[in-house]
Structure formats: structure tokens, C-alpha cells
Amino acid sequence: MEIVALAGGVGASKLLLGLTRVMDARALTIVVNTGDDIVLHGLHISPDLDIVTYTLAGAVNPKTGWGLRGDTFSALKILKRYAREDWFNLGDRDLATHIHRTATLRSGETLTEATDAIRRAWGVEARILPMSDAPVPTLIETEIGVLHFQEYLVKHRAALNVKKIIFDRADVARPAPGALEAMASAEGIVVCPSNPLISIGPILAVPGMREALRARRERVVAVCPIVGGKSLKGPSDKMMKELGHEVSALGVARMYRDFAGTMMVDSADAAQKGAIEALGMQVVVRPTVMGSEADKEKLARAVLGVLQKSALAGAAG
Ligand code: FO1
């Protein structure tokens, strides 16, 4: 069963790890947000691509969910001695990935090619695609001006108010080669529990992506990243509030209703089932918080079950 997953960083990676354990990972194509990408110290850094790759390789730092387990930061200390910015923690081993990606891009290869080489080098069987080979940096307009997403999130610890989110140069970007084809032919598409605004939002902003999802709406299931009115990790809830969205499963469903036929919401949000169904969406209520490895696999199995059911329903036509 060919599956496509739309993913951001840490939250998505837990479900993706579960999926690779309960299905043939070679049948999984992951389309990853690159709005977080940033050039620092002359290196092209793709945080969410690396979070997904390292997690599926079993190499991610389990405490943070990003970077490599057991990494050290000696190079960063010397960069600081050279008066270079050190607010973005780049580990010594992690730097090898950014050096390789940057050199690969400089030799004329695409981000898709660089990403594929890196995930294969880590023994990851799932296919990992950037949302686009073109840069679509996510910019955050705040009270102190327009910042790159990482400056907003990491340097300013997401403390500033979000006035506007800009997907810079999205209009001239194109989906990465293979992404639209995978979405058109997949038996099922899962929107991972990532930040709807700055992880799933950038993917949807790439021309053609949202239309591709709408065309398969009855095969799209979205796992809600907001549980009981809160985001489990990261500033989704704060950002949604600041931009006027209701911070709830219903609020997320409103953002996804045009392209997701099914919402999977946590048991804590069972009371919103009716209101979400009134949007014209199917609703599956079950535990969605992944505290353990077993939780990741259970949620993954539940997602596959929903996709199989909608595939069968579709076949019955
Ligand atoms: N997140 C942080 O909060 N602080 C960091 O210093 C940091 C460094 C970092 C280095 C490499 C990488 O791949 C990710 C990193 N992240 C860090 C996470 C990054 O900000 C992600 O874009 C967000 O967590 C959203 O997925």
C-alpha cells in the first residue's frame, strides 16, 4: 500500500517512525517542509529533512528530537571565538550533513538529490522528498520586524508576537519531482501531527500541492497536532491564537477541511467530533499522544486502518 506522508519536524517524526515499523518503508514517500531551511556559516541547513532522516535512521538526539544523539559542539565554540553567531546549535557530526548537502548543491545537484543520497547513506528505506527544490523560506512578521523562522523560534524562543507568516517566493516554487505523482497514485495520504501553520502550511503553499490533496480528499487523513487546546511541542497553539485561529481540534479541522476527508483527533477532544463532522469531515477519535515506542506503532496502525478503509470504500465506489 503506497502511502504519502506530509511532515514537518519532531511531532511528525514520531508517527513516521511508527509507520516504518508497521509497513514496508519502501512504500512510504515523505514530503517534508523546507520552510525552516536556513543558510548559516555558508551552509545550507534543512532542519526538518534532517529530523526525519535522523529519526528514521535511529540516530536522532532523543532528548531534543533534532540533531544527532551524543553529538558535541566543539566547532560551534570555535565559530563563536570567530565572532560568528552561535544561537543555532550545530553539532560537530551534524555539520557533516550540512557540509555534504551544501557541497552537493554547489556541484549542481538538487535538494531532492542531496536528500535522497543522505537518507540512503543513513540506511533509511522510506523515500524522503523536500516539498520543493526551490527555496521557500518561512518568514515571521513580528513587532520587531520580519524574521527568518529559525530566528523567531530559536533565537527569540518563539516569544515574539506573530503578526503574519510569509512563505517567501512560494509563488515561483514547484513541488519536488515525484511529489505530485506520489500523491496522485498513493492509496492513502497522511498529514502528520505537525504545526499546521509553519510545518504543513509551507507545503500547502507550494503551487499544486493543495490541489493535489483536494483531488484525493477522501484518501487524506490528518492527525491533529492540537490536543486539549494545546500543542504537545512547539508554538503551534501560541501562533494559532495570535493569528486568530481557534486553538482546538475544530480550529485545525477548519484549516484542513478543503483537502482532508478525515481528521484523527485525541480522545481529549471527543466532544468536538460533531462540530468537525459538520464541516463535512469524517472524525476518528483515539489516543494520539505518542509517549512510547508502542504508542507510535499503535497510532501508525490506526492511521493505516483508516486509509485502508477509505481505500476500500473508494474501491466500492
Ligand atoms: N531547535 C532549537 O530549539 N534550538 C536549536 O539550537 C536547534 C538547532 C538545530 C540544529 C539542527 C537541526 O536540524 C534542527 C535544530 N533545531 C533547533 C530544531 C529546528 O529549529 C526545527 O526547525 C524546529 O524544531 C521545527 O521543526
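Numerical summary
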{"item": "Selection count where residues are part of a loop (DSSP other than H, G, I, E, B), free of Cβ contacts under 8 Å to residues at least 40 places away in the same chain and open to solvent by less than 60 Å² (accessible area, probe 1.4 Å), scope segment 234-248", "result": "2"}
{"item": "Residue match in segment 31-53 (condition: modelled with pLDDT of 95 or more and within 15 Å of A300 (Cβ to Cβ))", "result": "yes"}
{"item": "Segment 157-166: number of residues that are within 16 Å of the ligand (Cβ to nearest atom) and open to solvent by less than 60 Å² (accessible area, probe 1.4 Å)", "result": "4"}
{"item": "Number of the exception - G251 against (1) assigned to a helix (DSSP H, G or I); (2) of a type outside the set (D, E, K, R); (3) touching a residue at least 60 places away in the same chain (Cβ under 8 Å)", "result": "(3)"}
{"item": "Unique match (being under 24 Å from L153 (Cα atoms), among the small types (G, A, S) and touching a Phe, Trp or Tyr at 6+ places or on another chain (Cβ under 8 Å)) among A59, A75, A83, A96", "result": "A59"}
{"item": "One residue from V191, V223, V172 being under 26 Å from P135 (Cα atoms) and open to solvent by less than 10 Å² (accessible area, probe 1.4 Å)", "result": "V191"}
{"item": "Candidate set: segment 18-34, residues that are open to solvent by 20 Å² or more (accessible area, probe 1.4 Å) and farther than 26 Å from A134 by Cα; chosen: the one nearest to the ligand (Cβ to nearest atom)", "result": "T20"}
{"item": "Residues satisfying the stated conditions in segment 35-49, i.e. in contact (Cβ under 8 Å) with a residue 60 or more places away in the chain and either more than 10 Å from the ligand (Cβ to nearest atom) or among the acidic types (D, E) (or both)", "result": "D36, D37, G42, H44, D48"}
{"item": "Pairs with Cβ under 6 Å, 6+ apart, first in segment 149-166 and without any contact (Cβ under 8 Å) to a residue 60 or more places away in the chain, second among the acidic types (D, E) and in a helix (DSSP H, G or I)", "result": "none"}
{"item": "Filter pass, G67 being within 17 Å of the chain's Cα centre (by Cα), within 12 Å of the ligand (Cβ to nearest atom) and not basic (K, R)", "result": "yes"}
{"item": "Segment 112-128 residues that are in contact (Cβ under 8 Å) with a residue 24 or more places away in the chain, paired with ones that are part of a helix (DSSP H, G or I) and open to solvent by 40 Å² or more (accessible area, probe 1.4 Å) (beta carbon under 6 Å, 6 or more apart)", "result": "E125/R26"}
{"item": "Residue check for V227: away from the ligand (no atom under 15 Å from the Cβ), assigned by TED's automatic domain parsing to the domain that holds I276 and touching a Cys at 6+ places or on another chain (Cβ under 7 Å)", "result": "no"}
{"item": "Filter pass, L180 being assigned by TED's automatic domain parsing to the domain that holds K238, under 18 Å from the mean Cα position of the chain (by Cα) and open to solvent by less than 80 Å² (accessible area, probe 1.4 Å)", "result": "yes"}
{"item": "Considering residues of segment 70-97 that are open to solvent by less than 30 Å² (accessible area, probe 1.4 Å) and more than 9 Å from the ligand (Cβ to nearest atom) only, the residue farthest from I38 (Cα to Cα)", "result": "D71"}
{"item": "Sole residue being away from the ligand (no atom under 16 Å from the Cβ), more than 23 Å from I198 (Cβ to Cβ) and buried (at least 17 other Cβ atoms within 10 Å of the Cβ), chosen from D133, D116", "result": "D116"}
{"item": "Hey, G291 open to solvent by 40 Å² or more (accessible area, probe 1.4 Å), assigned to a loop (DSSP other than H, G, I, E, B) and farther than 26 Å from S13 by Cα or not", "result": "no"}
{"item": "Filter pass, K155 being in contact with a Phe, Trp or Tyr (Cβ under 7 Å, 6 or more places away or on another chain) and of a type in the set (K, R)", "result": "yes"}
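The values are calculated or read from the model by the stated rules, or taken from the named source; none is laboratory data. These numbers come from a predicted model, not from an experiment. We place every Cβ from the backbone using ideal geometry, glycine too, and count neighbours over all the protein chains shown. Calculation scope for accessible area: heavy atoms of the full protein, side chains included, ligands and nucleic acids excluded. Shrake-Rupley method; radii C 1.70, N 1.55, O 1.52, S 1.80 Å.
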